[in-house]
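The values are calculated or read from the model by the stated rules, or taken from the named source; none is laboratory data. Everything numeric here is computed off the predicted structure, so don't read it as measured data. Cβ placement follows ideal geometry from the backbone for every residue including glycine, while neighbour counts extend to all protein chains displayed. The accessibility values were calculated without ligands, DNA or RNA, using every heavy atom of the protein model including side chains. Shrake-Rupley method; radii C 1.70, N 1.55, O 1.52, S 1.80 Å.
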Amino acid sequence: MSLWGGAHAAEPIKVGMALDMSGPFAANGAEAKDAFNLAIKMLGNKLGGFPAEFLQTDMAGNPDQARQLANRWIQRDKIDFFTGPIGSNVALAVAPTLIAAKVPYLSNNAGPSLLAGEKCSPFYLGTSYENQMMHEPGGVLANQRGFKKVVAIAPNYPAGKDALTGFKRRYEGEIVAEIYTKVGQIDYSAEIAQLRAAKPQGVYFLLPGAMGINFIKQFVAAGLADDIKMVTAGVSADEDMIVAVGEPMLGLYNSAPYAYDLDNPANKKFVQEFRKAYGRNPTLYAAHAYDVVMNIDAAVRALNGKLGDRAAVAKALRTAKFESVRGDFSYNGNNHPIMNFYTRQVVRDESGKLTNKTEGVLLEKYQDSFHGQCKAI
């Protein structure tokens, strides 16, 4: 049995990690997996000082596979915590089952707005962000860049719709076109033709992983970059994207709640260990996954490994202090973070390598737009 009974010596604490190692979010899933495993190694395969088992299975970004996996872990393996999915469509598929079973779900990436307001739960923690919150700073950044007319592009799934809704909430100019693409799309010739015809000053996009890589390459190859400037959230302009795209990324502005050059002790340690383990700089996908494990570790430690009272576990996750790599971080009343957002730009470092450089705080101690609607916590 698991630790729900409160005996903290018999069986290891069990964490179910539903991974995106294949499918449309595989590149982002690889970042998360690497950070999960780094945190696990740094903690000596323990949580709060107690032995732990981390169940890792690829569900390929498939909501049905993820739902089956979560059910199996709950019923057969008696998991104590759940995390892993990148896509919001997957998060929405598994959350009801986990919440009903009172198994805490700490989201390392997906942040569907549906779970941040009236349908919030003590057993769902949007440790990464709420989706619209992630893109509201993009609207502020587009305003600062002086864009009066923008085309907005995102995949046609929950996170894509949340993204453009969030962007529009803070953007003060005109949206001349709002384009929703297929999830996993790699040919953007039709969208590029629409951009050419619309003649905006800027384009705001959420296109994670291979979708964004292909869009940026095709956008620049089509000669649009001279007249239309790109701006995006960090999920579409992070270090993995820069490596994959190369030169076309130079100069791109993006807003993000994390950057590997943030000056705080927890982040410096994380970046050092991540570079040592994997030979590259971490992305925000990695940072958020690492924070999830450290959050669980802090909660288990605060409870001295006694996880029998599930409401107490949920409260400990929300209130236990851990050193986030993002710096100043706390949960709001809806189990979603209050945190800073930063302006980053893709530049060349001293060695000539393309990378993000943090230019400063864009929004300080920012809160999502749904926290006041949550009554269940």
Of all residues in the stretch 299-331, which are among the small types (Gly, Ala, Ser) and within 18 Å of ALA101 (Cα to Cα)?
GLY308, ALA311, ALA312, ALA314, ALA316
Hits in the stretch 333-358 - residues which are farther than 18 Å from PRO282 by Cα, without any contact (Cβ under 8 Å) to a residue 40 or more places away in the chain and either in contact with a Pro (Cβ under 9 Å, 6 or more places away or on another chain) or not small (Gly, Ala, Ser) (or both):
ILE338, GLU350
Within the stretch 1-28, can you find the residues that are at pLDDT 95 or above and either surrounded by fewer than 20 Cβ atoms within 10 Å (Cβ to Cβ) or within 24 Å of ALA299 (Cβ to Cβ) (or both)?
PRO12, ILE13, LYS14, VAL15, GLY16, MET17, ALA18, LEU19, MET21, SER22
Quick check on the stretch 329-343. Is at least one of its residues open to solvent by 30 Å² or more (accessible area, probe 1.4 Å), in contact with an Asp or Glu (Cβ under 9 Å, 6 or more places away or on another chain) and modelled with pLDDT under 95?
yes
Give me the pairs, please: first residue somewhere in the stretch 201-213 and at negative phi and surrounded by fewer than 24 Cβ atoms within 10 Å (Cβ to Cβ), second residue anywhere and in a loop (DSSP other than H, G, I, E, B) and among the basic types (Lys, Arg), beta-carbon distance under 8 Å, and either six or more positions apart or on two chains.
GLN201/LYS148; GLY202/ARG145
Any hit, the stretch 82-98, residues being out of contact with any helix residue (DSSP H, G or I) (no Cβ under 7 Å at 6 or more places or on another chain), open to solvent by less than 10 Å² (accessible area, probe 1.4 Å), within 23 Å of ALA376 (Cα to Cα) and not polar (S, T, N, Q):
yes
Enumerated helices (runs of 4 or more DSSP H) restricted to the stretch 226-327, each holding at least 3 residues that are within 30 Å of GLN201 (Cβ to Cβ):
239-245
Could we say that LEU47 is within 20 Å of ALA286 (Cα to Cα) and open to solvent by 10 Å² or more (accessible area, probe 1.4 Å) here?
no
List, please: which pairs have Cβ atoms under 6 Å, are six or more places apart or on different chains, and start with a residue in the stretch 158-181 that is among the acidic types (Asp, Glu) and end with one that is open to solvent by 10 Å² or more (accessible area, probe 1.4 Å) and not in a helix (DSSP H, G or I)?
GLU174/LYS149
Residue that is most open to solvent (accessible area, probe 1.4 Å), among those in the stretch 123-157 that are within 18 Å of PHE25 (Cα to Cα) and free of Cβ contacts under 8 Å to residues at least 60 places away in the same chain
ASN156
